[in-house]
Every structure is written in C-alpha cells, then in structure tokens.
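Only one structure is covered here, and it is reproduced in the block below.
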Amino acid sequence: VQLQASGGGLVQAGGSLRLSCAASGGIFSRSLMGWYRQAPGKQRELVASITTAGRSTYADFVKGRFTISKDNAKNTVYLEMNSLKPEDTGVYYCKADPAYGPNYWGQGTQVTVSS
C-alpha cells in the first residue's frame, strides 16, 4: 500500500491550492480517507475526511474554505484549499483508515502561506 501526496507549495494569503493523494494497493475503496496537517511545534490535526459513501466532515477552522473530494476511478482524494491563511501553513498528510487492518499515511506535502 502506498499513498502519494502532492500539490503543496508556497502561496500568498487569500490564495488557493489543490492537494492530491493517490492510493495504491487496493485500499482506497474500503477506506475512510482523511487529510491531516502538522504545523511546526504542534500536534498533527485532522483537517477533513471523506467516507467510502462520499460523506465529508471538516474541522471548524477550515469550514467554508476547504473542500475534500475523491475520484474512485483514480483512487485519489483531493483537498481544495481556498482563502488560505498564514495559519494554514504546515505539512499536509493523507491517511487511509480502512474498515479492517492497519491505517496508512502518505509522506506529506508542505503548504506555506505567506502574509
């Protein structure tokens, strides 16, 4: 199983980025998929998640700004991030949480929002 995250970068406040996470190894269709982030000196926190049925949930601090979605044919989950703020800076990780078996994490992609 592999999770390959991409799409991070440097953006000015108010800008947008789209993260992607491609899953291999047959886990995507049976997993809750999530995006987490970790800022320097802080704990990793949940940003958004999407169930196998397509139901999404969001942390309060991104509601109305971020959108999680997935493409089952491509085994890929996305995180569309709009109206970015400097406090959104951090390493963003995708996670696969299958109905059974261990969880899997992607390698992380850096998002930096300048003020």
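The values are calculated or read from the model by the stated rules, or taken from the named source; none is laboratory data. This is a predicted model, so every value here is computed, not measured. Every residue, glycine as well, gets a Cβ built from its backbone with ideal geometry; the counts of neighbours run over all protein chains shown. Side chains included, ligands, DNA and RNA excluded: accessible areas come from the protein's heavy atoms. Shrake-Rupley method; radii C 1.70, N 1.55, O 1.52, S 1.80 Å.
Some values worked out for this structure:
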| item | result |
| --- | --- |
| Distance-filtered residues of segment 66-88 - backbone nitrogen under 11 Å, label point 7 angstrom along SER56 Cα→Cβ | 66-71, 78-82 |
| Inter-label distance for ARG18 and GLU87, nm, one decimal - labels placed 7 Å from Cα along Cα-to-Cβ | 2.7 |
| Long-range HN-HN contacts of LEU84 with modeled amide H, under 5 Å | GLY14, GLY15 |
| Backbone HN-Hα couplings from phi across segment 22-35 [Karplus 6.51/-1.76/1.60, Hz, Gly and Pro as x] | 9, 10, 10, x, x, 9, 4, 5, 10, 10, 6, 9, x, 10 |
| TYR100-ASN72 pseudo-label distance in nm [points 7 Å out on the Cα-to-Cβ vector] | 2.0 |
| All lysines inside 21 Å of LYS42 as judged from Cα atoms, apart from same-chain residues fewer than 8 positions distant | LYS63, LYS85, LYS95 |
| Solvent-accessible surface (1.4 angstrom probe) belonging to GLU87, in square angstrom, nearest 10 | 120 |
| DSSP-defined beta bridges in segment 9-115 - what % are antiparallel, rounded to 5 | 90 |
| For segment 88-103, Karplus couplings with θ = phi - 60° (6.51, -1.76, 1.60), whole Hz, Gly/Pro x | 7, 4, x, 8, 9, 10, 9, 9, 10, 10, x, 4, 8, x, x, 7 |
| Mean Cα-pair separation over length for the chain, i.e. relative contact order, pairs under 8 Å, 6 or more apart, % | 37 |
| Neighbour cut-off at most 14 other Cβ (10 Å), DSSP loop, trypsin sites (Lys or Arg not before Pro), segment 53-115 | ARG55, LYS63 |
| Residue-span extension gain [ARG65 to VAL1] - 0.36 nm each, minus C-alpha spacing | 20.0 nm |
